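Read-outs: derived from the displayed coordinates by stated rules, not from any lab. Every value quoted in this text rests on a predicted model; they were computed, and no experiment measured them. All Cβ positions, even for glycine, are placed from backbone atoms using ideal geometry, and neighbour counts span all protein chains on display.
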Amino acid sequence: MTVIQKKAVNPVAHLSAEDIEIIGKELDAIRDRVIADRGERDATYIRKVIKTQRTLEISSRAVLLFSLFPPAWFVGTAGLAVAKILENMEIGHNILHGQYDFMRDPKIHSTTWEWDHVSPADQWKHSHNQLHHTYTNVVGKDNDLGYGIMRVDEDQKWHPMHLGQPLWNLLNACFFEYGIAAYDLELGRNLQKGRRKAPEFRARARAVGRKIRRQVLKDYIVHPLLSGPSFLSTLAATFTANLIRNLWSHSVIMCGHFPNGVETFEKTSIEGETRGEWYLRQMLGSANISGSKLMHIMTGNLSFQIEHHLFPDLPSSRYQEIAPQVRALFDRYGLKYTTGPLPKQVASAWWKVIRLSLPNRHTAQPGPAAPALVASQPA
Amino acid sequence: MTTTVPRRSQKASFRDRLLRLAETVTTPLLPEDYLDLVAPLRAGGALRGRIVEVRPETPDAATLVIQPGRGWRGHTPGQYVRLGVDVDGVRQWRAYSLTSVAGAADGRIAVTVKAIPDGKVSNHLVRRTRPGTIVQLDQAQGDFVLPEATPARVLFLTAGSGITPVMGMLRTGLHTRADVVLVHSAPAAGDVIFGLELRALAGQGGLRLVERHTDTDGLLGVHELDDLVPDHAERETWACGPVGMLDAVEEHWTSRGVAERLHTERFRPTVISPGEGGTLTFTRSGATVEADGATPILDAGENAGVLMPSGCRMGICYGCVLPLRQGAVRDLRTGDLTTAVPGDGVLIQTCVSAAAGTCDIEL
Ligand SMILES: Cc1cc2nc3c(=O)[nH]c(=O)nc-3n(C[C@H](O)[C@H](O)[C@H](O)COP(=O)(O)OP(=O)(O)OC[C@H]3O[C@@H](n4cnc5c(N)ncnc54)[C@H](O)[C@@H]3O)c2cc1C
Ligand code: FES
């Protein structure tokens, strides 16, 4: 079927259906090459990251036992924040995607892994891997788009509630892990009357409750208590570390699909989508972040969001390697490879949130009057 | 009313409480995940071993000396151990007979591996494994062992790497307690694993050794046993070698009416022939379904009314992963074959895998 764009300028108008299928084949070939080469290097890499993260986490927590001393507080908090970021991004997110399932190590497997996050792994896997990655940027189907509370696309109807969205977004950033848990639970939908009592929802809500209890007990009770006289300062430290982790992952994730240049799609556009068209939607619906090697690791290589969305189950450290090939493909087919440094992309995403908190300026203009591309037309 | 509480259980419950406290700090991980970083072989952890020596035996066989973790419960000569080895980053489990003396003072165990052509794990162990490597272990198992009352007369019939379980029995001193004959086949003298040790033992009169070098003398036929070991039917016999040899030996012993004196050990798992499709059994729900070789297991299961976990249905989300208890499946994308024998529990993506033989799937 077709990829339908409502934009005045259709970014794929020049592609024929055959072009799109060839793009799909070329991407399949890139994927096959990585899979053929996947092995010991990737296993060694993830084990090393896990070891580094665990060592950093435990030593930071040990330092924080003496957090009454300001240098210990700063070192410990910074270390714990980095450890938590690594755990969520390069380790948890990627293992839960099944990127390392090929190792057949039951300790490093998408079905057995649990992460340092209030959303239980299995619920997150459902909403993220199955919904977000399958329905990427499809308005009305992809909850990641505005998390159901914000307006992030001109095509979404404006409502006075959206005036507050810069504030919601800031709050969501600070308590991001709770925001994720809430939308993994589809709270907005499930709190409606009649759904609240559904046994399936209640069981999932209880699981989240248990996970929150464990996380809170660890960070805000047991660890501070173990610090004795440093109780309060350790409490402040773990809170700060969680805050930093939340702000960071929120920024990275906003950069993935919100910045300018990223396209969104209509529900009807994905009916009967071919593999090539699915790939194309991923290509246009994601944006990268440019930066140093360390930055890539700290983002869990989600700085290669485009590559990640094309191949969500390839080991994350491979995205950097295939990025030049992917980019060359974009260039060859005249597609826009959206990328930019972190501050620029964050600013661009925030600007969109602020801009769309107000109604569209030319309300009549962008509508479906120009229905758009049609990939199946020969160019 | 209570009597005196034994000190031990007090200690144990203190340990339990400490462990639970530790768990509240390490959640979502377990304390053991941190301990594994520093003490992978400690008691109470998953059973592992460290390879401390790799000793070449023949051009294509080597002995691996392993220091097992503290949880190792020992073995009986003739038993085997399952090793979980990471080859090219992928964990592979294989069984190997223990060739070391049971209950060695240093606690070490040994297995002897023969590299077979194109063998994934055997070549890795023989040619690329270095001391220091950690491997996963299972407790020793198997009933290819001597009975408690040592029989007076024993015959061993072995070929190639089939000597390994027998070596474990000999090293534990069997030949001092019984009259032993060993008939062993290998392509040439230099290919006989433990050749020097066996010949020395024979030289000291510990056993009668019949070596058959098949490159020059051809394969040993069972009928030759009447000449080589005239009393073989009266001997308690242990045989280990290739499938063809074992089949012939079993037939021979049965035809002589002495099948109960024969014990065999097979190294090849039941051959799973990748055909076009096969019967799928979902072990927990008990459902069975005939699936053809082109239908994803996910579809086949759903069509049979099984509640299958699923997601994208295109191989990217891993929402459909299930353990394959045993059987063979083909990856519809690559044509690659994945096989599992009981105990493996290989995880497969049901949406892109089709049956390539009879499969037991845990669901
Ligand atoms: C109870 C038990 C005890 C064992 N003890 C020993 C031992 O002491 N020493 C030892 O070297 N091996 C032993 N084995 C065999 C061992 O478990 C592996 O099967 C063997 O090392 C081959 O594994 P691989 O990964 O190298 O071959 P794979 O990569 O699994 O197989 C490669 C090819 O070789 C074929 N093949 C598989 N196994 C064999 C075999 N045994 N002989 C010939 N061809 C085969 C396969 O069908 C395939 O075509 C034992 C097996 C069992 C079940
Ligand atoms: S359902 Fe998506 S990988 Fe199987």
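To test your reading of the geometry: what angle, between 0 and 90 degrees and rounded to tens, separates the Cα axis of helix B:7-26 from the longest principal axis of chain B? It works out to around 50 degrees. Its Cα centre serving as origin, chain A has a Cβ charge dipole (Lys and Arg +1, Asp and Glu -1) of approximately 1280 debye. Placing a pseudo-label 7 Å from each Cα along the Cα-to-Cβ vector at B:Arg208 and B:Lys120 gives an inter-label distance of 4.5 nm. Available extension along the chain between A:Arg202 and A:Arg41 is 53.7 nm, counting 0.36 nm per residue and deducting the alpha carbon span. Expressed to the nearest 5 percent, the antiparallel share of DSSP beta bridges inside the protein assembly as shown is 60 percent.
Computed on the stretch A:91-221, the Cα convex hull volume stands at 136 Å³ per residue.
Among A:Ile354, B:Ile51, B:Ile109, a tally of other beta-carbon atoms within 10 Å of each Cβ gives an order, fewest to most, of A:Ile354, B:Ile51, B:Ile109. Straight-line cross-link reach from A:Lys218 at under 29 Å between alpha-carbon atoms covers these lysines, not counting any fewer than eight positions away in the same chain: A:Lys48, A:Lys51, A:Lys84, A:Lys107, A:Lys125, B:Lys11. One equal scatterer on each Cα of the stretch B:36-177, no solvent, Debye formula: the resulting log10 I(q)/I(0) at q = 0.14, 0.20 Å⁻¹ is -0.65, -1.25.
With coordinates expressed along the principal axes, the C-alpha atoms belonging to chain B extend over 66, 64, 48 Å, beginning with the largest. Directionally averaged projected area (the stretch B:153-266, Cα convex hull): 6.5 nm². Normalised by 2.2 N^0.38 Å, where N is the number of residues, the C-alpha radius of gyration of the stretch B:278-361 stands at 0.94.
Across the protein assembly as shown, the convex hull enclosing all Cα atoms gives 231 Å³ per residue. Could you tell me the calculated FRET efficiency between A:Leu247 and A:Ser290, based on Cβ-Cβ distance and R0 = 22 angstrom, to the nearest 0.05? With a Förster radius of 22 Å, E is 0.65.
With the convex hull of the Cα atoms taken as the outline of the stretch A:233-340, the averaged projected area works out to 8.6 nm². Note that chain A, at 4 °C in a medium of 1.567 mPa s, gets a Stokes-Einstein diffusion coefficient of 59 µm²/s from its Kirkwood radius over C-alpha pairs. Please report the spacing between the Cα centers of the stretch A:13-73 and the stretch B:173-248 in Å, no decimals. Rounded to whole Å, the Cα centres lie 54 Å apart. Here the dipole of the protein assembly as shown is about 3680 debye; that uses its Cα centre as origin and unit charges on the Cβ of Lys and Arg (positive) and Asp and Glu (negative). Expressed to the nearest 5 percent, the antiparallel share of DSSP beta bridges inside the stretch B:96-229 is 5 percent.
Normalised by the number of residues in chain A, the average gap of Cα pairs under 8 Å and 6 or more apart makes the relative contact order 33 percent.
Using every pair of separate Cα atoms, the Kirkwood estimate puts the hydrodynamic radius of the stretch B:212-363 at 18.2 angstrom.
Once C-alpha pairs closer than 8 Å and six or more residues apart are averaged by separation and normalised to the residue number of the stretch A:99-167, the relative contact order reads 13 percent.
Label sites at B:Ala287 and A:Phe239, each approximated as a point 7 angstrom past Cα along Cα to Cβ, lie 5.1 nm apart.
The modelled label-to-label distance between A:Lys25 and A:Arg355, using points 7 Å beyond Cα along the C-beta direction, is 3.8 nm. Maximal additional length on extending the A:Asp331-A:Gln192 stretch stands at 45.4 nm, based on 0.36 nm per residue less the C-alpha distance. Loop sites here are GluC sites (Glu not before Pro) outside DSSP states H, G, I, E and B with no more than 16 other Cβ atoms within 10 Å. The longest part of chain B free of them is B:1-147. On the beta carbon distance between B:Thr24 and B:Val90, with R0 = 45 Å, the FRET formula returns roughly 0.85. By the beta-carbon count within 10 Å of each Cβ, the least crowded to most crowded order of B:Val111, B:Val87, fewest first, is B:Val87, B:Val111.
Using the Cβ-Cβ distance between A:Glu271 and A:Lys51 with R0 set to 56 Å, the FRET efficiency works out to roughly 0.75. For helix A:40-64, report the angle its Cα long axis makes with the longest principal axis of the Cα atoms of chain A; keep it between 0 and 90° and round to the nearest 10°. Relative to chain A, helix A:40-64 is tipped by roughly 40 degrees. Cα centroids of the stretch A:276-327 and the stretch A:88-157: 15 Å apart. Taking the helices alone, chain B has a mean residue ellipticity at 222 nm of -6000 deg cm²/dmol, built from -39,500 (n - 2.57) per DSSP H run of at least 4 residues and averaged over all its residues.
How charged is the neighbourhood of A:Gly24? Take every other residue with its Cβ under 12 Å from the Cβ of A:Gly24, and add Lys/Arg as +1 and Asp/Glu as -1. After counting each charged neighbour, the total is -3.
Quick one: angle between helix B:243-255 and the longest Cα principal axis of chain B, in degrees between 0 and 90, rounded to 10, please. So the helix axis and the longest Cα principal axis differ by about 60 degrees.
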